[in-house]
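This report concerns only the one structure given below.
The values are calculated or read from the model by the stated rules, or taken from the named source; none is laboratory data. Keep in mind that what you see is a predicted model, and the values were worked out from it rather than measured. Virtual Cβ from ideal backbone geometry, glycine too; neighbours counted across all protein chains shown.
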Amino acid sequence: MTVIHHTDKKRETLEEATVRFAGDSGDGMQLTGGQFTNATAIVGNDLSTLPDYPAEIRAPAGSLAGVSGFQIHFSSKEIHTPGDALDVLVAMNPAALKANLKDLKPGGMIIVNSNAFSEVNIKKASYDKNPLDDEALNKKYQVFSIEISRLTQLALEGMNLPGKIVDRSKNLFALGVMYWLYTRPMETTIEWLKKKFSKEPQILEANIKVLKAGYHFGETTEVFISQYEIKQAHASPGKYKNITGNEATVLGIIAASQITGLPVLLGSYPITPASDILHELSKYKHLGIRTFQAEDEIAAIGAALGASFAGGLGITTSSGPGICLKSEFTGLAVKTELPLIICDIQRGGPSTGLPTKTEQGDLLQVLFGRNSESPIPVIAASTPSDCFDTMLEAIRIATKYMTPVFFMSDSYLANGAEPWKIPQVSELPKIKVNYRKEKDGFYPYGRDEETLARPWAIPGTPGLEHVITGIETEQITGKICYDPTNHDAMIKFRAKKVANIANDIPDIKIVYGEQQGDLLILGWGSTLGAINAATEQLVEKGYKVANAHIRYLNPFPKNLGDILKKYKKVLIPEVNLGQLRLLIRAKFLIDAQGLNIIAGQPLKVSAIYEAAENLLKGK
Amino acid sequence: MAETTSQIKYTKADFESENDIRWCPGCGDYAILSALQQVMPTLGIPKEKIVFVSGIGCSSRFPHYMTCYGFHTIHGRPLTVATGIKCTNPDLHMWVITGDGDGLSIGGNHFIHAIRRNQDLKIILFNNKIYGLTKGQYSPTSELGKKTKSTPLGSIDNPINPVSIAIASGATFIARAVDKNVKHMREIFTRAAHHKGTAFIEIYQNCLVFNDNAHEKYTEKDFKDDNSVYLEHGKPLVFGKENDKAIKLKGFHPEIISSKNGSISDVFVHDENANDRGLAYVLGQMGVENPELPVAFGILRCINEPTYQDRLIEQENFAKKQKKQTLEEILNSGDTWVVK
Ligand code: SF4
């Protein structure tokens, strides 16, 4: 390729863009995407990301199964989702091109590492011939074939580095090109590399060289005619950082622990996509936060429940299959009325299902997946950064009402990132926790009149020695009791205690649209972004549509029924077969309709828009 | 172990709860309860710092009959709960009560892992070789061929030896006792209470309803002495009604010799502090996996190793010295930008 210097390239301003980096799972696409995200955040764009990687750590190189992708949608306006369709696809090999092409907009850009389009790789991706030579492809899209591997080698010539290291840095060349193309600064990545390779100066030097080579290639080559700019988004003033759902969950736990003064014990067993919470939280030993990687899911929740009995903040993190294993202990937490946070970071199921893909299939499981009447408050985060607030709220409810609480997130929220306005510590909710100390009038199941919570009397407190058990116990005294009237009363106390929490949670509000109309789009959890975007488009089109989002799935907000009545129709989009819909229909006797696509991916804005439009048109 | 306070003067009655005891009259559990209630006042530990955790089974009712803090959990899981309690408040003095079904069948996994971590817990396993509470099915310690409700033609499962698993898992304190020998039980409980780390005690317990006399070889006056050897640190393994038999090690194989004729230098001398797990394993197998030998009662192994809690606190203190961070610093860490 001849390189001609072009310093006078056009700079076009765009409102938004959606880019996906795709390559082998060993190509470092998640890292590349993460770096691009950080640089984009520094520019001040609003953004939303969607990492998408295979369950196999290193599926065979070059294979379709091994393709790993990272998508980012960024804008100078407020955005809600990682984007339905791509403007740019960076494909590091033929398999990455094949697996992702369907998501590229017509006319979109394809940036490929042409050196990876060898005969073997082309075959592995199930292409008959080199797709880059296909005229149709070149007609439909703008294809930029760049010899990324060779240019990387050239950049590092003379450094005498092993071939493997040279090859591994080629993703930085691609990143450099993308930085130039979208006018992003390289500084954050250079700083990051300096930290990462502080002990390996040669590799550091090489990586920076390759990154810059990519950037300068974009600048100087004749391949690209324009450079794009996306201006800073109008965000409310303050300090921001990018945060994933799992990171926000961890910060929520840390904040709650600092606010309440409760010592945290996280009992956890590794499981995708929840493990990062364990990894991240285990870095905070200096705050006295204790993490216990247990021998299994059961031991993990058992230890957390033990911690709660001892006066700690017992937390356990898992995903659907692990939640199944925890269900007997969850029942014990209900019966012994101890505060416990159970995090379900949902993934595709049933069984092992799709470990790395997203789904909302566990709602009915966490509500009802235990023997007998076993009521538990359930609250769900709706965006990555909302995991922070939701966790604080889960802990508030658990400690105030002496109850286990399910904290719901999913793979999409857990790994997806968005800018987060860092809260002031003084603005965080106050959560007060009182252990029972007084001996007089102490009964293990003597309840607070308002909350119906039993006292938290922890071992070590003189005079309050008592035994708790999973066996049914007498009201007030907590002694083993098989009496039929007592059992009936206890079942109803437990139910009432949880139901009453409805008096202590905010009303549900219309997120976007009028307070009444033809259609309400109702959602929960990670569908918020897509529903918001769809509602905005529908309203713009002139439809009388609004949307509301449920954070509190048990108990429901008190005004939910009133809101539902204000719309002629209700649409509930979910990444399951209609679990919230079942609850809404049963509880409010309305003919709610569903949009249910369970493809391991977040719902697309266009799918929700279409479903709503069909419903409005009576189709 | 929790700090001791010399001022506290308890009697056995201080540890007897007013709850009705619901074990069958004559059950071996009574003797174990009584022995532990006798030991408690001698330890000088404030009652509020003692916690009993149990699973499910006849023995697991135990916490209800004490007057300390207690958590009667679910089947097979008491060690997990006890681990969480102890990790949150290492100052507590923890006892775990379990059975052969609870501890070795449904809870077998936790048994291995609590022990390998040297969790600072005293574990008492009531081994009656049967499921009592569910009315008489064979358990993981029931002998091959055992006829029970669920094995009318006899069990075809090989039994496991609790002590062998404890040793394989690296238990730092292992003992065995029998419910009829209350004085010995008291000694063992006292020693266990003072041990730092996992103290595992297997008790041969009689279930007179579903498996009566399962341990009579070690309890009946006429032959118990010929079938049991009581271990004492630094003492030779001598036993028998007439104190006329001894154990000699031939390689890894224990043999019975006459202590009168055999030279005393041949006799195996017990060293409970031996680091080598092999010796404790040989002792634990005697009489159980090779029935011609006597069963060893007493402390098979007692070694000093840092507990899980020691390591937890040490690591935490190290981390605290390395790094101080306020919540504000944590929230504001990483790549940030300001919007004006
Ligand atoms: S069933 Fe057996 S072990 Fe259970 S209480 Fe009765 S005698 Fe004791």
B:Ile160 more than 16 Å from the ligand (Cβ to nearest atom), within 19 Å of B:Ile303 (Cα to Cα) and modelled with pLDDT of 95 or more: no
Residue identified as outside any helix (DSSP H, G or I) and of a type outside the set (Ser, Thr, Tyr) among A:Lys129, A:Lys123, A:Lys98: A:Lys129
Residues (away from the ligand (no atom under 14 Å from the Cβ) and over 30 Å from B:Ile299 (Cβ atoms)) located in segment B:117-150: B:Gly145, B:Lys147, B:Ser150
Hits in segment B:92-150 - residues which are among the acidic types (Asp, Glu) and over 26 Å from B:Met66 (Cβ atoms): B:Glu143
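Return the residue satisfying two criteria in turn: it lies in segment A:457-470 and is in contact (Cβ under 8 Å) with a residue 40 or more places away in the chain and in a loop (DSSP other than H, G, I, E, B), and of such residues it is nearest to the other protein chains (Cβ to nearest Cβ). Give the derivation first.
Looking only at segment A:457-470, we keep the residues that are in contact (Cβ under 8 Å) with a residue 40 or more places away in the chain, and these are A:458-460, A:468-470.
Then keep just the ones that are in a loop (DSSP other than H, G, I, E, B); that gives A:458-460, A:470.
On the way: A:Ile458: 8, A:Pro459: 4, A:Gly460: 6, A:Gly470: 6 Å.
The selected residue is A:Pro459.
So which residues in segment A:139-153 are assigned to a helix (DSSP H, G or I) and within 20 Å of A:Phe224 (Cα to Cα), if there are any at all? Quick ask: steps written out before the conclusion?
Within segment A:139-153, the first condition is being assigned to a helix (DSSP H, G or I), and the residues that meet it are A:139-140, A:148-153.
The answer is A:Lys139, A:Lys140, A:Ile148, A:Ser149, A:Arg150, A:Leu151, A:Thr152.
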Filter result for B:Ser17 (surrounded by fewer than 21 Cβ atoms within 10 Å (Cβ to Cβ) and touching a residue at least 12 places away in the same chain (Cβ under 8 Å)): yes
Flag if A:Tyr435 is within 21 Å of B:Glu48 (Cβ to Cβ), touching a residue at least 24 places away in the same chain (Cβ under 8 Å) and either away from chain B (no Cβ under 14 Å) or not in a loop (DSSP other than H, G, I, E, B) (or both): no
Pair list, Cβ < 6 Å and 6+ apart or interchain, from segment A:386-413 residues that are farther than 20 Å from A:Ala333 by Cα to residues that are part of a strand (DSSP E or B): A:Cys387/A:Ser409; A:Thr390/A:Ile379; A:Ser409/A:Ile345; A:Asp410/A:Gln346
Residue among A:Thr188, A:Thr249, A:Thr260 that alone is within 22 Å of A:Gly34 (Cα to Cα), in the same structural domain as A:Pro339 (by TED's automatic domain parsing), among the β-branched types (Val, Ile, Thr) and within 27 Å of the chain's Cα centre (by Cα): A:Thr249
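Looking at segment A:335-356, can you tell me whether even one residue there is part of a helix (DSSP H, G or I) and more than 24 Å from the chain's Cα centre (by Cα)? Explain how you work it out, then say what you get.
First pass over segment A:335-356, keeping only residues part of a helix (DSSP H, G or I): A:335-336.
Pick out the ones that are also more than 24 Å from the chain's Cα centre (by Cα) and you get A:335-336.
Looking through segment A:335-356, at least one residue is part of a helix (DSSP H, G or I) and more than 24 Å from the chain's Cα centre (by Cα).
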Count of residues meeting criterion [more than 16 Å from the ligand (Cβ to nearest atom), charged (D, E, K, R) and over 19 Å from the mean Cα position of the chain (by Cα)] in segment B:194-244: 11
Single unsatisfied condition, B:Gly108 versus (1) small (Gly, Ala, Ser); (2) touching a strand residue (DSSP E or B) at 6+ places or on another chain (Cβ under 9 Å); (3) within 11 Å of chain A (Cβ to nearest Cβ): (2)
Number of the condition not met by B:Thr134 [criteria: (1) hydroxyl-bearing (Ser, Thr, Tyr); (2) at pLDDT below 95; (3) under 24 Å from B:Val163 (Cβ atoms)]: (3)
Test: residue in segment B:22-29 that is surrounded by fewer than 24 Cβ atoms within 10 Å (Cβ to Cβ) and within 14 Å of chain A (Cβ to nearest Cβ): yes
Criterion violated by B:Pro78 - all others in (1) within 16 Å of A:Gly470 (Cα to Cα); (2) within 7 Å of chain A (Cβ to nearest Cβ); (3) not β-branched (Val, Ile, Thr) satisfied: (2)
Pairs with Cβ under 7 Å, 6+ apart, first in segment B:112-133 and within 14 Å of chain A (Cβ to nearest Cβ), second in a loop (DSSP other than H, G, I, E, B) and within 11 Å of the ligand (Cβ to nearest atom): B:Leu133/B:Gly57; B:Leu133/B:Cys58
